[in-house]
Amino acid sequence: MFEEPEWAEAAPAASSHSPQVRLEDESVDVAVFCLSLMGTNIRDFLEEANQVLKPGAVLKVAEVSSRFEDVRTFLGAVTNLGFKVVSKDLSISHFLFDFEKTGPPPVGPKAQLSGLKLQPCLYKRR
């Protein structure tokens, strides 16, 4: 039977919002979301990235193209969260975006941002 190692028992339970795993504000040069914007709280993920990224730092996003209803709306929403589009590649089955942090989000936390709800992934049967 599997036994938990001693260090696992002593470690605090961590979640993505746990203060024990919190990064310092403006301490990160690059953040990458690769097929990871699966939650319904995408805005929270992007706001957290903005908070921990240094000014001018890079946010890279790679997602399956079928998840986007309207890429332009998505890019506009990310821009409203304190990023500018540096590059985008829409030529393959996965969209690749590079953003640069421009500052804190210019919209308040209660502002509605359309474009941050992505569709479920569509997988081809092989």
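Among the residues of the range 89-110, which ones are farther than 16 Å from residue 31 by Cα and either under 14 Å from the mean Cα position of the chain (by Cα) or of a type outside the set (Asp, Glu) (or both)?
Within the range 89-110, 90, 91, 92, 93, 94, 95, 105, 106, 107, 108, 109, 110 meet the criteria.
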Query - Residue in the range 86-114 that is modelled with the highest pLDDT, counting only those that are out of contact with any Ser or Thr (no Cβ under 9 Å at 6 or more places or on another chain), small (Gly, Ala, Ser) and assigned to a loop (DSSP other than H, G, I, E, B) - result: 103
Query raised in the report: So how many residues does the range 76-114 have that are of a type in the set (D, E, K, R) and either closer than 16 Å to residue 49 by Cβ or touching a residue at least 60 places away in the same chain (Cβ under 8 Å) (or both)?
Result: 4
Report task. Residue by residue through the range 64-85, note down the ones that are crowded, with 16+ Cβ neighbours inside 10 Å and assigned to a loop (DSSP other than H, G, I, E, B). Result -> 68, 80, 81, 82
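Please work out which residue is nearest to residue 104 (Cα to Cα), limiting yourself to the range 35-63 and to residues that are surrounded by fewer than 15 Cβ atoms within 10 Å (Cβ to Cβ) and at pLDDT below 95. Reasoning before the result, please.
Applying the first criterion (surrounded by fewer than 15 Cβ atoms within 10 Å (Cβ to Cβ)) to the range 35-63 yields 35-36, 38-41, 44, 54-56.
So of that shortlist, the ones also at pLDDT below 95 come out as 35-36, 38-41, 44.
Details: 35: 24, 36: 22, 38: 23, 39: 22, 40: 22, 41: 18, 44: 13 Å.
The selected residue is 44.
The values are calculated or read from the model by the stated rules, or taken from the named source; none is laboratory data. Remember, predicted model here, so these are calculated numbers, not experimental data. When we count neighbours, we look across all protein chains shown, and the Cβ atoms used for this are built from the backbone with ideal geometry, even at glycine.
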